Structure formats: structure tokens, C-alpha cells
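The values are calculated or read from the model by the stated rules, or taken from the named source; none is laboratory data. It should be emphasised that the depicted structure is a prediction, and the values quoted were computed from it without experimental measurement. A quick note on method: Cβ atoms are made from the backbone with ideal geometry, for glycine too, and the neighbour counts reach across all protein chains shown.
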2 protein chains.
Amino acid sequence: MTQAKATTGFLDQVNWNSDGLVPAIAQDYKSGRVLMMAWMNRESLALTASEGYAVYWSRSRKNLWRKGETSGFLQKVREIRLDCDGDTVLLMVEQQGGIACHTGRSSCFYNLLQDGEWQVNQPVIQDPKAIYN
Amino acid sequence: MTQAKATTGFLDQVNWNSDGLVPAIAQDYKSGRVLMMAWMNRESLALTASEGYAVYWSRSRKNLWRKGETSGFLQKVREIRLDCDGDTVLLMVEQQGGIACHTGRSSCFYNLLQDGEWQVNQPVIQDPKAIYN
């Protein structure tokens, strides 16, 4: 019981929102690039910690989302961090395949505000059709 | 009118949540360190773009929050990015004073999960009492 408490107590210190979720930012451990932001519930954070690979909560599908389970582009977790008020998680990951975005780009943040417009400024590394077929 | 449309049209492409907000991640332009995550409404993103310094929306105080207005630790914005589904913003900033967190640390993500517990692993650079007095 002591051990169980020791391994899940960190979950109690997270300030889950009214839906039982927190935002989780994934950052590439080597390049420092911010890859994506997704959501986690208690179970997904517990699994991320125990399995060592990023597991999110899909708000649209309402189920656990093992990142890369379809594409193969898993996120191996090197560090799990929590912010000062406990309501945001930061994962330092090794992004397998170098592709985090479903569009086939390294990062989801490929839209850059330039001259008052969002402009795509990151290349597609692999055609999504090839990734998800 | 055309010019006004051109300078605010990017706001219409953001997928604001049901509260009219999006999460905004601030990342240090030089070090690559993720500094904090806060929220923006339409006005705060517009002001961030026009003023060139990070302006968030404080959900607790329910007002615009010019980051650093009390501490002096402004965030000069170098890039504003939007993710693939338009519901998360990433700011690349120059963090003035090198302190983003109200605890006097460089980043808010100073809690590292180690051996099943959140452990503080970033030093306080400046005593918050000295920052906010």
C-alpha cells in the first residue's frame, strides 16, 4: 500500500481541470522544438510515467491515445515536468521518426504569423497518406 | 477596411474554445526552454501581435495580463505560431530578466518527476519578495 501510494501520489498533486484534464506539451529532447500540445487525464499521465511513452487523452474520441500507435511515431519520454501551479505538464521526448504532426511535419506549430497572416513555414517530411495507410 | 481585415483576419482562423480562449505556450527564443503556459483571448492575441510583447488573459482575475507589468520581466515576442488544428499558440520570446515564473525561476516547469515524486530541480534566481515589492 505504501508503494502504491508512493507511485500514484504525484497524480494527486496535479491540478486537473473540471473535466479531469491538463494540457501536456511535448518538446523534442534534442532539438528543443515544441512538437505539440495535447491533453491528459489521470490515467494517461499514469501510463505515460509507467510505460515511458506518451499517452494522451483524446477529447474528440474520448479515449486513451497512445501517440504513434497508428503512425509508429512514438514519443519516448525522457522527462515529465509539472509547472508551478500544477496545471500544465511538459514532456521532454525523443520523437521517433522525427514526425509529431498528423500532417507529416516535425512539429504541429508550422503556422507562423507573418504580415498579419498565418503562413506555413515547415516542410512536410512524409505524406500523411503514406503514414496512415 | 481592407487593411483592418488584413490585420485581424488571422484571429478568425484561431479555434477559440467555448470560453473564447486558447492555450499559449511561451518558449525562450535563445535557450529553447519552455517557460510557461497561459491563456489568450482574442484581444490578448491581437495586442501581442500589435505591441510585440506577450499579453495573456488571466482566467482568475478575468482581465488582460501584460506579462511583466509588475515584475518588469516582459516577454518580447520574436515569433507567433499556431498549431495544425488552430487551437494552441506558441510564442517564441526573449524573456527579459531571464525569469518567467512568479517563484523567481527561469521557467515555470521546475518540477521534475523522479522516483514517483515531483522534485524541484531549478534554482530560484531572484526572491519573489524582491521582484514584486
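Need at least 1 residues that are more than 25 Å from residue B:80 (Cβ to Cβ) and aromatic (Phe, Trp, Tyr) per element, so show me which strands (runs of 3 or more DSSP E) inside region A:1-76 make the cut, counting only ones lying wholly within it.
So the answer is A:55-58, A:63-66.
All but one of (1) within 24 Å of residue A:10 (Cα to Cα); (2) surrounded by 13 or more Cβ atoms within 10 Å (Cβ to Cβ); (3) not small (Gly, Ala, Ser) hold for residue A:125; which doesn't?
For residue A:125, the exception is condition (1).
All but one of (1) of a type in the set (Ser, Thr, Tyr); (2) within 10 Å of chain A (Cβ to nearest Cβ); (3) within 23 Å of residue B:98 (Cα to Cα); (4) surrounded by fewer than 19 Cβ atoms within 10 Å (Cβ to Cβ) hold for residue B:48; which doesn't?
Just one mismatch for residue B:48, condition (4).
For region B:3-28: of the residues being facing chain A (nearest Cβ under 8 Å) and at pLDDT 95 or above, which is nearest to residue A:115 (Cα to Cα)?
So, considering only residues that are facing chain A (nearest Cβ under 8 Å) and at pLDDT 95 or above, the one nearest to residue A:115 (Cα to Cα) is B:10.
Just for region B:89-109: of the residues that are facing chain A (nearest Cβ under 7 Å) and touching a Leu at 6+ places or on another chain (Cβ under 8 Å), which one is surrounded by the fewest Cβ atoms within 10 Å (Cβ to Cβ)?
So the residue we want is B:101.
Read through the list (1) within 9 Å of chain B (Cβ to nearest Cβ); (2) within 13 Å of the chain's Cα centre (by Cα); (3) within 22 Å of residue B:45 (Cβ to Cβ), then give the number of the only condition that residue A:112 fails.
Condition not satisfied by residue A:112: (2).
Taking region B:11-41 only, how many residues are out of contact with any Phe, Trp or Tyr (no Cβ under 7 Å at 6 or more places or on another chain) and surrounded by 16 or more Cβ atoms within 10 Å (Cβ to Cβ)?
Total satisfying the criteria: 11.
Step by step: first the residues of region A:74-88, then only those that are within 14 Å of another protein chain (Cβ to nearest Cβ) and in contact with a helix residue (DSSP H, G or I) (Cβ under 7 Å, 6 or more places away or on another chain), then the one that is surrounded by the fewest Cβ atoms within 10 Å (Cβ to Cβ). Which residue is that?
Here the answer is A:77.
Restricting to region B:65-85, name every residue that is closer than 30 Å to residue A:120 by Cβ and over 13 Å from the mean Cα position of the chain (by Cα).
Within region B:65-85, B:82, B:83, B:84, B:85 meet the criteria.
Quick check on region B:57-112: of everything there that is under 19 Å from residue B:20 (Cβ atoms) and of a type in the set (Ser, Thr, Tyr), which residue is modelled with the lowest pLDDT?
B:60
Looking at region B:90-129 only, could you name the residues that are in a helix (DSSP H, G or I) and without any contact (Cβ under 8 Å) to a residue 12 or more places away in the chain?
Listed by number, the list holds a single entry, B:129.
May I ask you to say which residue of A:31, A:106 is touching an Asp or Glu at 6+ places or on another chain (Cβ under 9 Å), among the small types (Gly, Ala, Ser) and under 30 Å from residue B:50 (Cα atoms)?
Going through A:31, A:106 in turn, just one is touching an Asp or Glu at 6+ places or on another chain (Cβ under 9 Å), among the small types (Gly, Ala, Ser) and under 30 Å from residue B:50 (Cα atoms): A:106.
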